[in-house]
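A quick write-up on the structure given underneath.
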Amino acid sequence: MNRIGTESAFEILAMARELERRGKKIIHLEVGEPDFDTPQHIVEAGVRALREGYTHYTTARGLYELRGAIANRIKERYGVDVSPDWEVIPMPGAKPCLFAAIMVTINEGEEVIIPNPAYPVYRSVVEFVGGKVVDVELKEENKFRMTYEDVERKITERTKMIVVNTPHNPCGSVMDERDIKALVELAERKNILILSDEIYSEITYDKNHYSFLQVDGIENVIMVDGFSKTYAMTGWRLGYAVGPREVIDKMVKLQINMTTCPAAFVQKAGIAALNGPKEPINKMVDEYRSRREVVYKKLREIEEFSVVKPEGAFYIFPNVKKLGVDSKELVMKLLKEAGVALLHGTAFGKKGEGYIRISYANSISNLEKGISRIKKFIEKV
């Protein structure tokens, strides 16, 4: 267990809650959780399923109706055929999908290329199973996009997997179609797996999401998506993976030994989410877009910050290097002295030093107040 890490967002949240308990007012810009309620038609489907007796086990592969809805959604969005019988697995969140996909494919000493900065779970799981992490730095001058050229330079005979995340947490970047196609071709040529975390696939602003599945289906790609971010269903715990049958079969075996299956009534709610109206998603994305504009504008007014405008997800990753202070130290001071909860860039890897992550999954009013507090604190020090 010494190999496994944690998520700093929840550590900062715990500190913020303790300060609130003592009477300090905190503006929460640290946790990547939609501040919207789950759309009502999804809630009603879950409640109805409970009343109809969906309180028992399903198979470890999940309800066929849910797998079919996932396959249909992928066909509708990406024009790709996947088999609901063998190439889809729902699990209790996207995070277990990532964990399982890495656990069943990576052996001791095999190399896994991951972006840096990146969602910390990737590194944590690779190291937990004995794999070797090979970092690819995401550069501000490239708008924090993972490029084919940067990845290609890191390939060795020990490379087993490339982990990608688009739209990206914590940077809000969206990968170019050119790089996606080139990486899939590279993976096929070198017999490397791509694990594509696309949990923010519906939350893009300036262009449509382009999936790794769209290049050549699931030949060398395991794609992970879910319901938490798109449908504001973080507490329901439901995600899914799509990939080659031999990988999905192993993930099913692992699920049997870990969780058995996602809760049956939650799976029914997931069906309602996929088959239901898209207006709730569009409204949430429109609101995130408005918030992005406000946050980007306000942060640019802080002379000591430089900032790249996010293209997706609901995070912005300002450069704070001009302040000449460790990013974790800055975040702690902002929490305790300014009452703003943020995340330090090093929560996402060493290449995050000199940056902070701001989640704009909060109201425009709170975002304006929070950034105003940050600005006043910086002016004071």
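The values are calculated or read from the model by the stated rules, or taken from the named source; none is laboratory data. The structure displayed is predicted, hence computed values, not measured ones. Cβ placement follows ideal geometry from the backbone for every residue including glycine, while neighbour counts extend to all protein chains displayed.
Tabulated values for the structure
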item: Residue in the range 156-171 that is surrounded by the fewest Cβ atoms within 10 Å (Cβ to Cβ), counting only those that are among the hydroxyl-bearing types (Ser, Thr, Tyr) and part of a loop (DSSP other than H, G, I, E, B); result: Thr156
item: Qualifying residue in the range 101-118 (condition: buried (at least 23 other Cβ atoms within 10 Å of the Cβ), within 19 Å of Thr234 (Cβ to Cβ) and either aliphatic (A, V, I, L, M) or in contact with an Asp or Glu (Cβ under 8 Å, 6 or more places away or on another chain) (or both)); result: no
item: Residue check for Tyr296: modelled with pLDDT of 95 or more, in contact with a strand residue (DSSP E or B) (Cβ under 7 Å, 6 or more places away or on another chain) and surrounded by fewer than 20 Cβ atoms within 10 Å (Cβ to Cβ); result: yes
item: All positions within the range 336-345 that are surrounded by 20 or more Cβ atoms within 10 Å (Cβ to Cβ) and part of a helix (DSSP H, G or I); result: Ala338, Gly345
item: Selection within the range 261-281 - assigned to a loop (DSSP other than H, G, I, E, B) and under 21 Å from the mean Cα position of the chain (by Cα); result: Pro262, Lys278
item: Test: residue in the range 314-321 that is part of a helix (DSSP H, G or I) and over 30 Å from Tyr54 (Cβ atoms); result: yes
item: Flag for Glu202 being of a type outside the set (Ser, Thr, Tyr), in contact (Cβ under 8 Å) with a residue 40 or more places away in the chain and part of a loop (DSSP other than H, G, I, E, B); result: yes
item: Near pairs, Cβ below 7 angstrom, 6+ apart or cross-chain, from the range 4-18 (modelled with pLDDT of 90 or more) to any residue that is surrounded by 13 or more Cβ atoms within 10 Å (Cβ to Cβ) and among the β-branched types (Val, Ile, Thr); result: Ala16/Ile26
item: Given (1) under 30 Å from Gln40 (Cβ atoms); (2) of a type in the set (D, E, K, R); (3) touching a Phe, Trp or Tyr at 6+ places or on another chain (Cβ under 7 Å), index of the condition Arg245 fails; result: (1)
item: Residue within the range 17-33 that is loosely packed, with under 12 Cβ neighbours inside 10 Å and within 30 Å of His168 (Cβ to Cβ) present; result: no
item: Qualifying positions in the range 232-260 - part of a loop (DSSP other than H, G, I, E, B) and either more than 14 Å from the chain's Cα centre (by Cα) or surrounded by fewer than 20 Cβ atoms within 10 Å (Cβ to Cβ) (or both); result: Thr234, Gly235, Trp236, Arg237, Gly243, Pro244, Thr259, Thr260
item: For Gly130: the one exception among (1) touching a Cys at 6+ places or on another chain (Cβ under 7 Å); (2) surrounded by fewer than 18 Cβ atoms within 10 Å (Cβ to Cβ); result: (1)
item: Residues of the range 245-265 that turn out to be out of contact with any strand residue (DSSP E or B) (no Cβ under 9 Å at 6 or more places or on another chain) and within 16 Å of Gly226 (Cβ to Cβ), as a count; result: 1
